[in-house]
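Written below as structure tokens is the structure these notes are about.
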Amino acid sequence: MMALHIETPNYNLALEIGTFLLKEKLIYDVNFFNGVKSLHLIDGNITEKQETVMIAKTKSTLYSVIENRLRNFIGNNEMPLMYSMPIIQMPIEQLDAIRSETEKI
């Protein structure tokens, strides 16, 4: 299992992405953290941004499928920052729910 971390420039895009991934059964659930302030190094300069961060739970085996389908869904827009974090431990009931509700590979 993994927690999928995605950063988007605004809440509306995050909501679109979250809804898409849920409809495709690629994630079990998603939490949105709107208005997150972050600092980035861009061309050697520190730049402050405000973003919406998404954290979703899913199976680790779905990462490449999620990346490919998200690229197709986003189209010409810039791919959001996305990475996975392993979930080391979780109650068996939650683990079973994620297994049963997400796409089979």
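Readers should treat all values here as calculations from the given coordinates under stated rules, not as data from a laboratory. Given the structure is predicted, the values throughout are model-derived calculations rather than measurements. Positions of Cβ are backbone-derived with ideal geometry, glycine not excepted, and every protein chain shown enters the neighbour counts.
Between Glu78 and Met90, what length in nm is gained on full extension when 0.36 nm per residue of separation is reduced by their alpha carbon distance? Don't skip to the end; give the middle numbers.
Values: separation 12, 0.36 × 12 = 4.32 nm, distance 3.31 nm.
Additional length available on full extension: 1.0 nm.
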Handout entry: Among Asn68, Asn45, Asn12, residue whose mean-square fluctuation peaks in a GNM of the chain (springs only between Cα atoms under 10 Å)
Key = Asn45
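Please compute the net charge surrounding Gly35, taking Lys and Arg as +1 and Asp and Glu as -1 over other residues with Cβ under 14 Å from its Cβ.
Working: positive: Lys37, Lys49; negative: Glu7, Glu48, Glu51.
Taking every other residue near Gly35 into account, the sum is -1.
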Practice task
Compute the acute angle (0 to 90°) between the alpha-carbon long axis of helix 11-23 and the principal axis of greatest extent of the alpha-carbon atoms of the chain; round to the nearest 10°.
Solution key: 20 degrees
Exercise for the section: Would you look at the GNM of the chain, springs on alpha carbons closer than 10 Å, and say which of Ile27, Ile74, Ile88 moves the most? Expected result: Ile88
Problem - Rounded tilt (10° steps) of 92-101 against the dominant C-alpha axis of the chain - result: 80 degrees
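With n ≥ 4 as the cut-off for DSSP H runs, can you work out [θ] at 222 nm for the chain, using -39500 (n - 2.57) per run divided by the number of residues, rounded to the nearest 500? Present the calculation step by step, with values, prior to reporting the outcome.
Details: 3 runs with 35 residues, N = 105.
Rounded to the nearest 500, it is -10500 deg cm²/dmol.
Could you give the size of the charge dipole of the chain about its Cα centre, using +1 on the Cβ of each K and R and -1 on the Cβ of each D and E, expressed in debye and rounded to the nearest 20? Walk me through the numbers on the way to the answer.
Details: 10 positive and 13 negative charges, 47 e Å.
Dipole of the chain, to the nearest 20 debye: 220 debye.
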Exercise for the section: Just report the Cα centroid separation between the range 50-67 and the range 1-33, whole Å. Expected result: 7 Å
Completion exercise
The ³J(HN,Hα) series, computed from each phi in the range 34-42 with the Karplus coefficients 6.51, -1.76 and 1.60 at θ = phi - 60°, rounded to the nearest Hz and given as x for glycine or proline, is 8, x, 6, 8, 9, 10, 10, 8, 10
Exercise for the section: Taking DSSP loops as anything outside H, G, I, E and B, show the longest stretch in the chain free of GluC sites (Glu not before Pro) there with at most 15 other beta carbons within 10 Å. Expected result: 1-77
Practice task
Given the options Leu15, Leu41, Leu95, state which has the largest fluctuation in a GNM of the chain using a 10 Å cut-off (strictly under) for Cα springs.
Solution key: Leu41
Exercise for the section: Could you point to the label whose value was computed as semi-axes √(5λ) of the Cα gyration tensor in Å for the structure here, given (1) 26, 16, 12; (2) 79, 21, 7; (3) 34, 17, 11? Expected result: (1)
Handout entry: trypsin sites (Lys or Arg not before Pro) within the range 34-105: DSSP coil, no more than 10 neighbouring Cβ in 10 Å
Key = Lys104
Practice task
Working from Cα positions, state the angle (0 to 90°, nearest 10) between the long axis of helix 63-74 and the longest principal axis of the chain.
Solution key: 50 degrees
